[in-house]
Amino acid sequence: VESLFRSAPTLGNVILLLSMFWLIFGILGVQLFAGKFYYCNDGDVYGVHDCVGSFVDAETGDLVSRDWDKPIGWGFDNIGEAVITLFEVSTLEMWLDIMYSGTDSTKINLQPVYNEGPFMPAFFLIFIVFGSFFLLQLQR
């Protein structure tokens with residue numbers, strides 16, 4: 001128990017450094033990706049204004065209403081959501097889906113386009129290198 005109390009200031013410094021790093025990247029993520037992860041469940045539409053009514057699903061033949069939505073659980077629409085998304089990226093669980101959404105993001109209220117931003121993965125790769133591999137190793 002005594003060694004746990006001795007290590008508390010060092011752990012506090014590492015947690016403070018990680019929090020500031022995630023906050024900086026969260027602000028950058030909000031600036032780069034806010035409102036750009038939304039998509040329509042009908043891939044043939046151009047943007048939010050075309051995503052109305054319903055369409056026939058090619059696989060099932062059912063009539064499906066069009067919905068303009070984003071992936072559940074992550075995004076960069078506000079700083080809280082951005083920090084939670086970056087936490088998920090730092091754990092390296094499902095981070096590729098988030099990176100692919102960032103790569104496919106276009107403009108606000110427009111449907112994602114495959115590999116529209118080829119340099120957007122650099123944001124996630126830099127975050128992983130410094131956030132996951134370097135800063136998390138400071139605890140040791």
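The values are calculated or read from the model by the stated rules, or taken from the named source; none is laboratory data. Note that the coordinates shown come from a computational prediction; the quantities given were computed from them, not determined experimentally. For neighbour counting, all protein chains shown are included, and Cβ atoms are generated from backbone atoms with ideal geometry for every residue, glycine included. Quick note on the areas: whole protein, heavy atoms, side chains included, nothing else; ligands and nucleic acids left out. Shrake-Rupley method; radii C 1.70, N 1.55, O 1.52, S 1.80 Å.
Can you tell me which residues in region 35-51 are surrounded by 17 or more Cβ atoms within 10 Å (Cβ to Cβ) and either of a type outside the set (A, V, I, L, M) or at pLDDT 90 or above (or both)?
Lys36, Phe37, Tyr38, Tyr39, Cys40, Asp42, Cys51, listed by residue number.
Cβ-Cβ under 8 Å, sequence separation 6+ or interchain: first residue in region 1-28 and in a helix (DSSP H, G or I), partner not hydrophobic (A, V, I, L, M, F, W, C). Which pairs?
Leu11/Gln139; Val14/Gln139; Leu18/Gly131; Phe21/Gly131; Trp22/Ser90; Trp22/Gly131; Phe25/Gly131
Can you spot a residue in region 123-131 that is open to solvent by 30 Å² or more (accessible area, probe 1.4 Å) and on the phi > 0 side of the Ramachandran plot?
Of all residues in region 123-131, those open to solvent by 30 Å² or more (accessible area, probe 1.4 Å) come to 125-126, 129-130.
When the remaining residues are screened for being on the phi > 0 side of the Ramachandran plot, the result is none.
Within region 123-131, not a single residue is open to solvent by 30 Å² or more (accessible area, probe 1.4 Å) and on the phi > 0 side of the Ramachandran plot.
Run down Asp42, Asp69 and say which single residue is within 21 Å of Asn115 (Cα to Cα) and either of a type in the set (Ser, Thr, Tyr) or in contact with a strand residue (DSSP E or B) (Cβ under 6 Å, 6 or more places away or on another chain) (or both).
On the way: Asp69 fails: either of a type in the set (Ser, Thr, Tyr) or in contact with a strand residue (DSSP E or B) (Cβ under 6 Å, 6 or more places away or on another chain) (or both).
It is Asp42.
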